[in-house]
Structures are given as structure tokens and as C-alpha cells.
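What follows is a single structure, written as C-alpha cells, with notes after it.
The values are calculated or read from the model by the stated rules, or taken from the named source; none is laboratory data. As the structure is a computational prediction, the values presented were derived from the model and not from experiment. Positions of Cβ are generated from backbone atoms using ideal geometry, with glycine treated the same way; all protein chains shown enter the neighbour counts.
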Amino acid sequence: MASLRDGLMLEGGGVVSLVGGGGKTTLMFKLARELSMAGEPVLTTTTTKIFEPSLGQAGCVILSDSVTSILDRAGEMLDRHLHLTAAVGKLSESGKLIGFQPDIIGELWNSGLFQWIIVEADGAAGKPLKAPAAHEPVIPACTKRLVAMVGLNGVGQPLTERLVFRHAHFARLTGLKLGSNVTAAAIADVLVRNEGLFKGFCPEAMRIAFLNQADVGENFSTGQRVARLLSRRKHTGLNRVVIGQIMFDPPVLEVYDLDP
């Protein structure tokens, strides 16, 4: 299995929301490229903040707080660019794009203009691992696929602020001590616990864990350990575990289907 479409079980169309850490933005734009190159209109956006995409990542960026304006402009551009990015505006100090409220994502989806909307619904400050705060993640109710990213570069490394976003909460959630090495079991915990990466999930959404950075060192075997731990657990709520390498091809290396 090599394609992101197959790995994430994408059929027909829908809203795909990305949470966690370790490669969400890269996954969003790589997936959008794959889908748009197949002739399918794609909108990428966020309910948090993201850096503005380069010309190589998105054909056009629309900035507006008006759904009508976004849809009008998108309708004009989709003949030339099947992948568009939209946001409310841009922060002058950081250059980041400001995301939409979740209900706006629903309005954009209900327009029928896009076959896919991919939403970055969580922030991790560029770190491979995270645990969500009380206000995170921000998942649109229309989400049909919810993908939690884990950066395998953080596994086996000390649980510190350098590698884990909201590291103290990660420690409380997993039972690890601050400064101790992050274990495969801790990753399994943060994926299945109610206050973990899938917190606030839409009940009808399919939940997929994407263990990224498997191209580095022993990370692939680490990902397999996490996947096997999840496979042995009952009632995880997860439909699939994907082990992959978003920066390289093929992006999907191995999948494990689970009984949620």
C-alpha cells in the first residue's frame, strides 16, 4: 500500500480533520496534492493557525471571513486550480493564517463545491508529540475521517518540553514521569484515552492513527510496536493504524486494521 487515499480509507469525498503532532501540515498538503491530481476539488484550511502555503503546496489562497465571498472566489478559480486554501486572514507578526470556526467548515462543505475539505484542527508548535489542552482539538462536526498524527522521532526520547507539546499534560495522561523516555505504551495510551489525541471526536467519524517519521532509524519498528499494542487492546475506538513517512514516497508503509 502506497497512496494516502488508500491508507486513510478515503472514498467518495468528505471532511478530513488532522490532529496531534509530527507532520499534520505536511500531510495536509501532500494529501491535497494527491487528491487534486486525481481531478478532485480540494480545499485545505484550519480551525487553528497554519503557515501560509507555498505556491508548490496550494494553487491559490483565499482570505476572507465571508463564506459567500470564499465560495464565489473558489468557484472562479477551481477551473484553473483544483486545490485551494482558505482562511479568515493572516497574522502580520507571524505570517500564519487564521482559521475558521468549526461551523464555517460545515457551511463550506454543504456548498457542494469541494469533494474534499482537509482541516488542520490542532496545533503542536512543530513538535513530534503532544497532549491536547482543554480547548483542543477544534474538530468540525462534519468530519468523516479523523486522523491523529504521532511523530515517531519523539518516542524513546525524554519527556521534555523540547519534544512534547504540553509535556506536563502528556505526563499526567500517560503516567510517565517528566524526563523519562517516552514509551510505545505511552503512545498507545495517548491515542486511546478519552482526554488523548482524539478528544472531542465526532462519533460518526472514522478514527485513524498515523505514526509518522518511520523513515528515521528504528522508528519503523517502533511504529510496529505501537500498532501491535493497539491491536491487542479491546475497544480502542480506532479503525486503523498507519505507519508512514510523509516526507518521502511511498508515504504509507504499513497498515493495521483494528476492531474499534
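For residue 56, are the conditions met, namely being over 20 Å from residue 110 (Cα atoms) and either out of contact with any strand residue (DSSP E or B) (no Cβ under 8 Å at 6 or more places or on another chain) or part of a strand (DSSP E or B) (or both)? In short, yes. Once segment 163-176 is narrowed to residues that are touching a residue at least 24 places away in the same chain (Cβ under 8 Å) and assigned to a loop (DSSP other than H, G, I, E, B), the residue that is nearest to residue 131 (Cα to Cα) is 166. Go through (1) over 18 Å from the mean Cα position of the chain (by Cα); (2) of a type in the set (Gly, Ala, Ser); (3) not in a loop (DSSP other than H, G, I, E, B) for residue 209 and report which single condition fails. Tallying (1) over 18 Å from the mean Cα position of the chain (by Cα); (2) of a type in the set (Gly, Ala, Ser); (3) not in a loop (DSSP other than H, G, I, E, B), residue 209 fails exactly one: (1).
Based on this model, can you work out whether residue 64 counts as farther than 14 Å from residue 121 by Cβ, in contact with a Lys or Arg (Cβ under 8 Å, 6 or more places away or on another chain) and of a type in the set (Ser, Thr, Tyr)? For residue 64, the condition - farther than 14 Å from residue 121 by Cβ, in contact with a Lys or Arg (Cβ under 8 Å, 6 or more places away or on another chain) and of a type in the set (Ser, Thr, Tyr) - is met. Listed here are the strands (runs of 3 or more DSSP E) enclosed by segment 63-152 that have at least 3 residues being under 15 Å from residue 24 (Cβ atoms) and of a type outside the set (Lys, Arg): 116-120, 143-151.
Look at residue 99 and say whether it is out of contact with any Phe, Trp or Tyr (no Cβ under 7 Å at 6 or more places or on another chain) and either aliphatic (A, V, I, L, M) or in contact (Cβ under 8 Å) with a residue 40 or more places away in the chain (or both). Yes.
Output the residue which, of all residues in segment 160-218 that are of a type in the set (D, E, K, R) and within 21 Å of residue 16 (Cβ to Cβ), is surrounded by the most Cβ atoms within 10 Å (Cβ to Cβ). The selected residue is 207. Within segment 102-128, residues that are on the phi > 0 side of the Ramachandran plot sit with their Cβ atoms under 7 Å from residues that are outside any loop (DSSP other than H, G, I, E, B), at 6+ positions apart or across chains, in these pairs: 125/165.
Considering only segment 1-52, how many residues are small (Gly, Ala, Ser) and under 23 Å from residue 103 (Cα atoms)? Qualifying residue count, segment 1-52: 6. Restricting 112, 95, 89 to those that are touching a strand residue (DSSP E or B) at 6+ places or on another chain (Cβ under 9 Å), surrounded by fewer than 17 Cβ atoms within 10 Å (Cβ to Cβ) and at pLDDT 95 or above reduces the list to 89. Would you mention how many residues in segment 225-260 are in a helix (DSSP H, G or I) and either among the aliphatic types (A, V, I, L, M) or buried (at least 20 other Cβ atoms within 10 Å of the Cβ) (or both)? Residues meeting the conditions: 4.
For beta carbons closer than 9 Å, sequence separation of 6+ or different chains, a first residue in segment 148-159 that is surrounded by 23 or more Cβ atoms within 10 Å (Cβ to Cβ) and a second that is in a loop (DSSP other than H, G, I, E, B) and among the hydroxyl-bearing types (Ser, Thr, Tyr), the qualifying pairs are 155/183; 159/180.
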